[in-house]
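Visitor: Below are the structure tokens for one structure; questions will follow.
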Amino acid sequence: MPLIKANGLVDDLWTHVKDEEQLPPDGAVIVTLARWQANRDQLLARPTPLGVRLRSDQAPSAIAGDIERFDVIALEFPKFTDGRAYSSARLLRERHGFRGELRAVGSVLRDQLAFMRRCGFDSFQIPDSADAAAWAGSLRGISVVYQPATDARTTAIAARHKPAPRREVEDDEEPAPKVVAAAVEVSYEPSQVCAGYWAY
Amino acid sequence: MYRYDNYDQTLVNERVAQFRDQVNRRLAGELSDDEFKPLRLMNGLYLQLHAYMLRVAIPYGTLSSKQLRKLAHIGRRYDKGYGHFTTRQNIQYNWIKLEETADILAELAEVEMHAIQTSGNCIRNITADHFAGVAADEIEDPRIYSEIIRQWSTFHPEFSFLPRKFKVAVTGSPHDRAAVKVHDIGLRMIRNEAGEAGFEVLVGGGQGRTPVIAKSIRPFLPKRHLLSYLEAILRVYNQLGRRDNLYKARVKILVDAVGAAQFTQMVEEEWQHIRDGYLDLPAVEIERIRAYFAPPPYKRFDGAPAEYETQLRRDFLFARWVRTNVAAHKRPGYAIVTLSLKPTGGVPGDATDTQMDAVADLADRYSFGEIRVTHEQNLVLADVEQAVLFELWRKLEALNLAEPNVGLAGDIIACPGLDYCALANARSIPVAQQISKHFGDLTRLLDIGELKIKISGCINACGHHHVGHIGILGVDKHGQEFYQITLGGSADENASIGDIVGPAFGTEQVVGAVETIIDTYLNLRQGGERFLDAYRRVGLKPFKEKLYAAH
């Protein structure tokens with residue numbers, strides 16, 4: 001199945017290895033959680049890159065201690081209506097600090113790509129028949145976001161309350177009277193959100 | 001009321017373009033019906049028995065006159081000249097053409113409206129007290145927080161494919177008119193010991209085939225934590241809610257399965273990770289939105305004007321309407337007026353384009369241009385001077401919007417039922433019409449007093465039958481319509497689920513059964529006791545005996 005990233009179609013250098021299949025002698029492989037748990041030492045001894053694949057009912061906490069061992073984590077969408085992997089993706093990125101490739105596999109619909117990307121996915125397995133360029137275009141989604149997510153885009157709230165840029169005062173200009181804001185406590189630092197909270 | 005800024009408007013405009021592209025892909029055959037289904041269901045477009053139905057969001061039930069005129073226009077231009085106001089404070093159009101849906105959305109966007117998340121397994125329209133801002137016992141206007149939640153939940157990337165739909169209701173008053181205890185999340189504004197306003201958080205209420213009263217999982221949540229706490233609840237639900245069985249997928253089932261204490265612990269644990277972070281609600285944003293709900297420029301009055309008192313004494317019909325359809329306002333000299341969408345023998349919640357246009361004009365003239373939609377399927381003009389009530393009443397009479405039955409047996413909630421809905425087992429509307437006609441005698445209605453009759457055409461309970469004082473549920477038995485009756489339900493702060501009286505009644509027997517129930521009540525009530533209070537005192541037995549005496 002084709003794989004896309006933000007810029008469009010990319011080569012997929014990874015082999016998904018099912019539990020009943022033999023592990024190929026070399027090359028980058030993505031194994032199931034079960035195989036990882038059963039053959040951990042053998043897998044770590046391989047010189048080639050390693051990925052793991054989680055079913056939607058397998059919580060990210062199962063690999064929390066081994067995050068840095070994986071170059072790819074693939075999260076399965078068994079049906080497009082099963083939205084558990086959105087939470088898994090955010091937890092892997094935001095709580096467990098995963099910085100590798102986070103791949104959406106399974107029932108991936110074009111009109112869900114933008115949501116997936118906001119939750120931290122950065123590669124997407126798409127159907128053979130899909131128009132890769134059109135699908136990659138759908139990753140952008142709607143330009144305004146209301147809620148912070150893994151992508152650290154500036155939310156509408158942050159943009160609304162961003163301090164106005166500072167302006168140099170000319171010598172002959174009266175300084176503008178200092179405006180005292182209404183007695184509201186500002187308990188929010190927009191720059192935190194803007195500055196890529198989880199740069200990865 | 002809230003007005004879109006550039007961010008809100010851009011989002012809605014881009015959504016229209018996105019949906020137009022999706023419809024075009026469907027019409028061009030690039031998308032199959034199956035592939036299109038999840039897309040239209042993200043946007044309130046259902047395929048019903050006879051045509052597409054479009055559900056338009058009315059956030060927390062508040063409309064400007066301009067918006068209501070647009071809803072009238074859509075009814076006239078794209079439907080058969082009417083719309084149906086729902087128990088979730090939304091409006092539905094039942095005769096929509098797929099080809100025209102994007103145009104309808106574009107028209108809605110012109111008046112800052114949309115159909116986003118009015119269906120699908122996502123966070124639905126946020127509902128609130130229809131007397132928000134004008135109730136004397138209110139702590140804060142719940143619409144401020146409803147709007148904040150509306151924005152946070154709109155296109156939430158993590159929570160758009162939940163196990164099942166998710167409904168949130170907010171009340172700012174101790175007296176609950178928003179039925180928060182039968183929502184997935186209910187938020188009740190309260191003050192803590194220090195006098196600070198915040199929320200009691202209730203989770204896991206709901207109706208459907210498993211009616212449950214929500215459990216309180218946090219006695220007091222400071223306002224700035226509102227969004228992080230909601231995010232924690234939704235994240236726990238999204239990960240652990242059941243996905244193997246459609247009927248066991250709501251959060252109430254999860255809360256029941258793990259127990260309220262354990263659920264609370266899971267939420268609190270998740271919350272510890274995300275509180276005090278980027279979801280902290282900035283006070284400047286609360287104040288920005290609060291400013292939109294500032295009180296309108298009221299005039300100062302010392303009390304009710306003399307001519308109003310005279311009109312009440314002189315005109316019995318006017319006085320009767322005031323008694324049922326006018327509620328006390330927090331400001332002296334003002335009143336809250338409910339426009340009944342329940343004419344005797346009519347379809348509950350339906351309004352014609354002419355009526356909607358006329359109500360918009362009345363709102364401009366008498367109520368600062370604002371209209372509310374209630375979850376009991378009526379409309380409200382919330383800020384009317386008492387001095388003009390008589391004049392307004394005459395105009396409402398002419399529009400058939402002054403049926404003096406609000407809160408009485410004629411003020412029936414009913415879902416669309418088998419007349420429209422693909423899920424229904426039985427018709428609801430004709431039953432409502434029969435009961436309404438049967439109890440058309442207004443003097444008798446007043447004598448019976450407060451009585452909430454609620455009718456659903458199937459177990460999904462869109463007609464809220466579980467929380468009706470008298471609830472009626474349509475069921476299908478071997479291809480025939482039967483109606484199961486429950487008694488003693490309530491959706492207010494003392495919420496309860498109705499008790500089933502016994503075997504279901506045939507279509508021809510329903511009105512008689514309701515009559516028997518009411519007669520039984522009239523015979524056993526003490527003093528001015530309401531039906532619900534009498535039922536709670538005596539229980540099911542006397543009603544059951546009378547109902548099944550002949551069998």
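Visitor: Using each residue's phi in segment B:268-278, evaluate 6.51 cos²θ - 1.76 cosθ + 1.60 at θ = phi - 60° and report the 3J(HN,Hα) Karplus result to the nearest Hz, with x for Gly and Pro.
Guide: 4, 5, 4, 5, 4, 6, 10, 5, 6, x, 6
Visitor: How shielded is B:159-168 by partner chains, expressed as the average number of their Cβ atoms within 10 Å of its Cβ atoms?
Guide: Working: counts 5, 4, 11, 4, 4, 1, 0, 0, 0, 0.
Mean partner shielding for this stretch: 3.
Visitor: On the first, second and third principal axes, largest extent first, how far apart are the outermost C-alpha atoms of segment B:218-282 in Å?
Guide: That gives 39, 20, 17 Å along the principal axes, largest extent first.
Visitor: Taking every pair of Cα atoms in segment B:134-292, average 1/r, invert it to obtain the Kirkwood radius, and report Rg/Rh to two decimals. Don't jump to the answer; show the numbers that get you there.
Guide: Numbers: Rg = 15.2 Å, Rh = 16.0 Å.
Ratio value, two decimals: 0.95.
Visitor: When the convex hull of the C-alpha atoms of segment B:245-323 is computed, what volume per residue in Å³ does it have?
Guide: With only Cα atoms used, segment B:245-323 gives 283 Å³ per residue.
Visitor: Next question. Output the antiparallel fraction of DSSP beta bridges having both residues in the protein assembly as shown, as a percent to the nearest 5. All intermediate terms of the calculation are to be shown ahead of the outcome.
Guide: Numbers: 56 of 87 bridges.
The antiparallel proportion sits near 65 percent.
Visitor: Residues with amide H under 5 Å of residue B:139's amide H, sequence separation 5 or more or different chain, H placed in the peptide plane at 1.01 Å from N; which?
Guide: Here the answer is B:173, since their amide H atoms fall under 5 Å of that of residue B:139.
Visitor: To the nearest whole number, what is the average tally of beta carbon atoms from other chains within 10 Å of the beta carbons of peptide A:117-124?
Guide: Mean number of neighbouring Cβ atoms from other chains: 1.
Visitor: Now, a different point. Can you list the HN-Hα couplings for segment A:52-65, worked out from phi with the Karplus curve (6.51, -1.76, 1.60; θ = phi - 60°), rounded to whole Hz and with x for Gly and Pro?
Guide: With the stated coefficients, segment A:52-65 comes to 10, 10, 10, 6, 5, 9, 9, 6, x, 4, 5, 10, 4, x Hz.
Visitor: Over 27 Å between Cα atoms: which of B:454/B:546; B:223/B:452; B:248/B:437 fall into that group? Show your work: numbers first, answer last.
Guide: Details: B:454/B:546 21 Å; B:223/B:452 34 Å; B:248/B:437 38 Å.
Correct reply: B:223/B:452; B:248/B:437.
Visitor: Can you tell me the Rg and the Dmax, both Å, for the Cα atoms in segment B:413-547?
Guide: According to the Cα coordinates of segment B:413-547, Rg and Dmax are 14.1, 45 Å.
Visitor: Still on this structure: Which order do B:439, B:316 fall in if you start with the one that has the fewest other Cβ atoms within 10 Å? Can you show the working numbers first?
Guide: Details: B:439 23, B:316 9.
The order, fewest Cβ neighbours first, is B:316, B:439.
Visitor: Using the 4.7 Å Cβ rule, please list in number order the cysteines from chain B without any candidate partner.
Guide: B:122, B:421, B:458
Visitor: Moving on to the next point. To the nearest whole percent, what portion of all C-alpha pairs in segment A:3-138 is separated by more than 24 angstrom? Please list the in-between numbers first.
Guide: Values: 2450 of 9180 pairs.
When every Cα pair of segment A:3-138 is considered, 27 percent fall beyond 24 Å.
Visitor: What ranking of B:420, B:548, B:145 emerges when the number of other C-beta atoms within 10 Å of each C-beta is taken as an exposure proxy, fewest first? Write down the numbers at each step before the final one.
Guide: Working: B:420 22, B:548 13, B:145 26.
In order of increasing Cβ crowding within 10 Å: B:548, B:420, B:145.
Visitor: Mind ordering B:500-508, B:45-53, B:349-357, A:16-24 by average Cβ neighbours within 10 Å, highest first?
Guide: Numbers: B:500-508: 15.3, B:45-53: 17.9, B:349-357: 21.4, A:16-24: 11.7.
Going by the mean number of other Cβ atoms within 10 Å, highest first, we get B:349-357, B:45-53, B:500-508, A:16-24.
Visitor: Okay, moving on. Which lysines, if any, have their Cα less than 17 Å from the Cα of residue B:252, not counting same-chain residues under 8 positions apart?
Guide: Partners within reach: B:165, B:167, B:181, B:215.
Visitor: Between segment B:65-134 and segment B:450-473, what is the separation of their alpha carbon centroids in Å?
Guide: 24 Å
Visitor: Related question: Would you please put B:80-88, B:406-414 in order of how densely packed they are, using the mean number of other Cβ atoms within 10 angstrom per residue and starting with the highest? Before the final figure, lay out each step's value.
Guide: Working: B:80-88: 20.8, B:406-414: 26.3.
Per-residue mean Cβ counts within 10 Å order the peptides as B:406-414, B:80-88.
Visitor: Across the residues of B:229-241, average count of Cβ atoms on other protein chains within 10 Å? Working shown, then result.
Guide: On the way: counts 0, 0, 2, 0, 0, 1, 4, 1, 1, 6, 10, 4, 2.
Counting Cβ atoms of other protein chains within 10 Å of each residue's Cβ and averaging gives 2.
Visitor: Could you tell me the ratio Rg/Rh of segment B:6-110? Both radii from Cα atoms, Rh via Kirkwood.
Guide: Numbers: Rg = 13.6 Å, Rh = 14.3 Å.
A ratio of 0.95.
Visitor: What residues have an amide H closer than 5 Å to that of residue B:452, excluding those fewer than 5 places away on the same chain, when H is modeled at 1.01 Å from N in the peptide plane?
Guide: It is B:469, B:470, by chain and number.
Visitor: Moving to a separate point now. Please list, in order along segment A:102-116, the HN-Hα scalar couplings obtained from phi with the Karplus expression 6.51 cos²θ - 1.76 cosθ + 1.60 (θ = phi - 60°), rounded to whole Hz, x for Gly and Pro.
Guide: After applying 6.51 cos²θ - 1.76 cosθ + 1.60, I find 10, 10, 8, 10, x, 7, 9, 9, 3, 7, 9, 4, 5, 5, 4 Hz.
Visitor: Taking Cα pairs under 8 Å and at least six residues apart, what relative contact order does segment B:413-547 come out at, in percent?
Guide: Rounded, it is 19 percent for segment B:413-547.
Visitor: Still on this structure, please answer the following. Could you tell me the ratio Rg/Rh of the protein assembly as shown? Both radii from Cα atoms, Rh via Kirkwood. Intermediate values should be presented prior to the final figure.
Guide: Values: Rg = 27.9 Å, Rh = 27.9 Å.
My calculation puts Rg/Rh at 1.00.
Visitor: Return the long-range amide H neighbours of residue B:176 (sequence gap of 5 or more, or a different chain), with a cut-off of under 5 Å between placed amide H atoms.
Guide: B:493
Visitor: Here's another thing I want to ask about it. Only counting other Cβ atoms within 10 Å, I'd like B:173, A:107 sorted with the fewest neighbours first.
Guide: A:107, B:173
Visitor: Could you tell me the largest-minus-smallest coordinate of the C-alpha atoms of chain B on each of the three principal axes, in descending order and whole angstroms?
Guide: 60, 58, 57
No value in this document is a laboratory result; all are computed from the given coordinates. Bear in mind that the values here come from a model prediction, so they are computed numbers and not experimental data. A quick note on method: Cβ atoms are made from the backbone with ideal geometry, for glycine too, and the neighbour counts reach across all protein chains shown.
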